[in-house]
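The values are calculated or read from the model by the stated rules, or taken from the named source; none is laboratory data. Quick caveat: nothing in here was measured; it's all calculated off a predicted structure. Every residue, glycine among them, receives a Cβ derived from its backbone with ideal geometry; neighbour counts consider all protein chains shown. Ligands, DNA and RNA are stripped out before the accessible areas are found, and what is left, the full protein with its side chains, is counted by its heavy atoms. Shrake-Rupley method; radii C 1.70, N 1.55, O 1.52, S 1.80 Å.
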Amino acid sequence: MSRIGKLPIAIPAGVTIDIKDNVVSVKGPKGELSQKVDPSILIKNEDGHLVFEIDEKSPVNVKQKQAFHGLYRALVNNMVVGVSEGYKKELELVGVGYRVSNQGNLIEFSLGYTHPIFIQLPKEVKVETKSERNQNPQIILESCDKALLGLICAKIRSFRMPEPYKGKGILFKGEVIRRKSGKSAAAK
């Protein structure tokens with residue numbers, strides 16, 4: 001049994017959960033999400049809690065069932081938290097001349113290349129950009145879908161990955177880059 005899979009999920013007020021044909025649909029104040037669940041995992045709604053159990057009769061091997069047990073419990077828990085509270089990620093652009101602006105869900109980056117970079121975000125993600133004097137430009141992303149938010153952050157970071165020599169790039173707010181000394185320091 002999975003330690004994560006054994007934990008019940010408390011259903012907060014204002015969140016409704018519908019389980020039909022191995023598809024879990026979660027609806028709340030921040031949005032609506034659904035996830036297909038493997039048939040080897042049984043989901044029960046008991047007293048305002050979701051409980052995940054392994055179906056012993058399923059033909060899937062035991063190790064795979066145990067892996068699915070924790071996986072689907074974590075995915076559904078992320079959905080419940082997302083539709084009730086939502087997820088928020090903050091990125092900052094560290095580098096001379098790096099700029100960012102947005103019009104709706106279209107973000108424009110100026111990252112030291114010869115051309116600006118544009119990215120169109122899906123409608124499920126809300127974006128806000130801040131550019132204040134004497135501070136690094138910031139991007140604030142909010143969504144109810146944790147996986148989609150992480151995917152978008154990874155895509156944005158891929159435009160200018162943080163580098164260890166000068167510490168420039170697109171970083172998460174509060175992220176610390178381990179700095180390396182250059183060639184001149186190594187030669188001494």
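Assorted remarks:
- Total residues in the stretch 6-51, condition in a loop (DSSP other than H, G, I, E, B) and farther than 16 Å from residue 78 by Cβ: 10
- Subset tally (residues that are surrounded by fewer than 16 Cβ atoms within 10 Å (Cβ to Cβ), closer than 15 Å to residue 88 by Cα and in contact with a strand residue (DSSP E or B) (Cβ under 7 Å, 6 or more places away or on another chain)) for the stretch 131-161: 1
- Of the residues making up the stretch 98-111, those that are of a type outside the set (Phe, Trp, Tyr), outside any strand (DSSP E or B) and surrounded by 12 or more Cβ atoms within 10 Å (Cβ to Cβ) are 105, 111.
- Test: residue in the stretch 70-80 that is open to solvent by less than 30 Å² (accessible area, probe 1.4 Å), touching a strand residue (DSSP E or B) at 6+ places or on another chain (Cβ under 9 Å) and farther than 18 Å from residue 50 by Cα: no
- Of all residues in the stretch 35-61 being among the polar types (S, T, N, Q) and free of Cβ contacts under 8 Å to residues at least 24 places away in the same chain, the one that is nearest to residue 9 (Cα to Cα): 58
- Scanning the stretch 1-48 for residues that are modelled with pLDDT under 90, within 21 Å of the chain's Cα centre (by Cα) and open to solvent by less than 50 Å² (accessible area, probe 1.4 Å) yields a single hit, 5.
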